[in-house]
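Asks: Supplied in structure tokens, the structure appears directly below.
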Amino acid sequence: MKLVVIISNKGKSQEFIKVCHMINLLPQVTIMGRGTAPTEVLEALSLSETDKDVIIALAPPEDVKVIFDTLEEQLNFTKKGLGVAFSVNLNGISSKSLTHLNELIQKEDL
């Protein structure tokens, strides 16, 4: 299982969430973030604002490339200034646990 993280400028997360729904990405959570990077780092990453939307979702490893490719196709995501996306391996969660969490989320209609 992988944790997919997408960071975009504040208020832009809806565009990314629409793409996530298009590709049936498991339920995602959006949280507000505030960057603390120095100006030099912000400029290097073409990021102008420090207030961010952070989208977090779980995905099977084989789906991560599809997710990133779809973000590029639909939103031209690699264009400077749109955001940052990455994935991290989650070794401590089994697919059975994920299935159970998914069922709970759907049951609670979160």
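Asks: Take the residues of the range 35-52 that are assigned to a loop (DSSP other than H, G, I, E, B) and not aliphatic (A, V, I, L, M): which is modelled with the highest pLDDT? Talk me through it step by step, then tell me what you get.
Replies: Of the range 35-52, the ones assigned to a loop (DSSP other than H, G, I, E, B) are 35-38, 45-50.
Next, from what is left, pick out any that are not aliphatic (A, V, I, L, M): 35-36, 38, 46, 48-50.
Details: 35: 74, 36: 75, 38: 81, 46: 68, 48: 67, 49: 71, 50: 76.
If we take residues in the range 35-52 being assigned to a loop (DSSP other than H, G, I, E, B) and not aliphatic (A, V, I, L, M), then 38 is modelled with the highest pLDDT.
Asks: Taking only the range 65-108 into account, find how many residues are outside any helix (DSSP H, G or I) and closer than 12 Å to residue 6 by Cβ.
Replies: Selection size over the range 65-108: 7.
Asks: Of all residues being loosely packed, with under 11 Cβ neighbours inside 10 Å, out of contact with any Gly (no Cβ under 8 Å at 6 or more places or on another chain) and among the hydroxyl-bearing types (Ser, Thr, Tyr) in the range 1-53, which is nearest to residue 79 (Cα to Cα)? Just the residue, please.
Replies: 39
Asks: While we're on this one: Can we say residue 62 is out of contact with any Phe, Trp or Tyr (no Cβ under 7 Å at 6 or more places or on another chain), among the charged types (D, E, K, R) and part of a loop (DSSP other than H, G, I, E, B)? Show your work before the answer.
Replies: Details: out of contact with any Phe, Trp or Tyr (no Cβ under 7 Å at 6 or more places or on another chain): yes; among the charged types (D, E, K, R): yes; part of a loop (DSSP other than H, G, I, E, B): no.
No.
Asks: Here is a follow-up. Search the range 70-110 for residues being touching a strand residue (DSSP E or B) at 6+ places or on another chain (Cβ under 7 Å) and at pLDDT 85 or above, and hand back the single one that is nearest to residue 24 (Cα to Cα).
Replies: Restricting to residues being touching a strand residue (DSSP E or B) at 6+ places or on another chain (Cβ under 7 Å) and at pLDDT 85 or above, the top hit is 71.
Asks: All but one of (1) at pLDDT below 80; (2) out of contact with any strand residue (DSSP E or B) (no Cβ under 7 Å at 6 or more places or on another chain) hold for residue 26, so report the exception by its number.
Replies: (2)
Asks: Considering only residues that are among the polar types (S, T, N, Q) and within 15 Å of residue 20 (Cα to Cα), which ones fall in the range 67-90?
Replies: Start the filter on the range 67-90 by keeping residues that are among the polar types (S, T, N, Q), which leaves 70, 74, 76, 78, 87, 89.
Residues satisfying the conditions are 70, 74, 76, 87.
Asks: Given the conditions (1) out of contact with any Cys (no Cβ under 9 Å at 6 or more places or on another chain); (2) modelled with pLDDT of 75 or more; (3) of a type in the set (A, V, I, L, M, F, W, C), and given that residue 67 satisfies all but one, which numbered condition is not satisfied?
Replies: With (1) out of contact with any Cys (no Cβ under 9 Å at 6 or more places or on another chain); (2) modelled with pLDDT of 75 or more; (3) of a type in the set (A, V, I, L, M, F, W, C) applied to residue 67, the lone miss is (1).
Asks: Can you say whether residue 15 is among the charged types (D, E, K, R) and within 12 Å of the chain's Cα centre (by Cα), as far as the supplied structure shows?
Replies: On the way: among the charged types (D, E, K, R): yes; within 12 Å of the chain's Cα centre (by Cα): yes.
The answer is yes for residue 15.
Asks: Also: List every residue pair whose Cβ atoms lie under 7 Å apart, where the two residues are 6 or more positions apart in sequence or sit on different chains, the first residue falls within the range 55-76 and is free of Cβ contacts under 8 Å to residues at least 24 places away in the same chain, and the second residue, located anywhere, is part of a strand (DSSP E or B).
Replies: Qualifying pairs under 7 Å: 68/85.
The values are calculated or read from the model by the stated rules, or taken from the named source; none is laboratory data. This is a predicted model, so every value here is computed, not measured. Every residue, glycine as well, gets a Cβ built from its backbone with ideal geometry; the counts of neighbours run over all protein chains shown.
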